[in-house]
């Protein structure tokens, strides 16, 4: 059984995400991480759209990626995302980008909750749990 704070999302590397050598550009990785993070939130029964309607915005405050091996055009990848226990105004996520059993990249993000004016807000109970 998969814990509620973990998700694995399949991604296929698209042509537009690659350089002329068909290697996935480093800028594609944050997009893939956001897809996994969004799906994890959705699985918890919430969505970014719902949060924004309530006046709560979730923004990335920190992003760290360690690239280990290249992904290539048309590779099938798994983006694994795990939420660490949150406290206060921040939520931390850990990621692995894999092609089969091969680790291509590892990453972490710290997201914070803010209101419409950018003022920090407490993390709503159960968010990403």
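Structure summary
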read-out: Pair list, Cβ < 9 Å and 6+ apart or interchain, from region 1-18 residues that are more than 16 Å from residue 78 (Cβ to Cβ) to residues that are in a loop (DSSP other than H, G, I, E, B) and at pLDDT below 95; value: 4/44; 4/128; 4/129; 5/44; 5/84; 5/85; 5/128; 5/129
read-out: Hits in region 56-106 - residues which are within 28 Å of residue 118 (Cβ to Cβ) and surrounded by fewer than 12 Cβ atoms within 10 Å (Cβ to Cβ); value: 59, 62, 64, 85, 87, 88
read-out: Residue list for region 31-49, restricted to those being in contact (Cβ under 8 Å) with a residue 40 or more places away in the chain and under 19 Å from residue 75 (Cα atoms); value: 32, 33, 35, 36
read-out: Residue match in region 55-63 (condition: assigned to a loop (DSSP other than H, G, I, E, B) and either closer than 22 Å to residue 14 by Cα or in contact (Cβ under 8 Å) with a residue 12 or more places away in the chain (or both)); value: yes
read-out: Options 33, 40; residue that is surrounded by 14 or more Cβ atoms within 10 Å (Cβ to Cβ), touching a strand residue (DSSP E or B) at 6+ places or on another chain (Cβ under 8 Å), modelled with pLDDT under 95 and not in a strand (DSSP E or B); value: 40
read-out: Only one of 95, 73 that is within 22 Å of residue 19 (Cα to Cα) and in contact with a strand residue (DSSP E or B) (Cβ under 6 Å, 6 or more places away or on another chain); value: 73
read-out: Selection status of residue 26, touching a residue at least 12 places away in the same chain (Cβ under 8 Å) and closer than 24 Å to residue 121 by Cα; value: no
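Conditions (1) at pLDDT 95 or above; (2) touching a helix residue (DSSP H, G or I) at 6+ places or on another chain (Cβ under 8 Å), marked per residue:
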{"position": "13", "(1), (2)": "yes, yes"}
{"position": "24", "(1), (2)": "yes, yes"}
{"position": "52", "(1), (2)": "no, no"}
{"position": "61", "(1), (2)": "yes, no"}
{"position": "70", "(1), (2)": "yes, no"}
{"position": "95", "(1), (2)": "yes, yes"}
{"position": "106", "(1), (2)": "yes, no"}
{"position": "115", "(1), (2)": "no, no"}
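The values are calculated or read from the model by the stated rules, or taken from the named source; none is laboratory data. Fair warning: this is a prediction, and the values are worked out from it, not measured in the lab. Cβ: placed from backbone, ideal geometry, glycine included. Neighbour counts: every protein chain shown.
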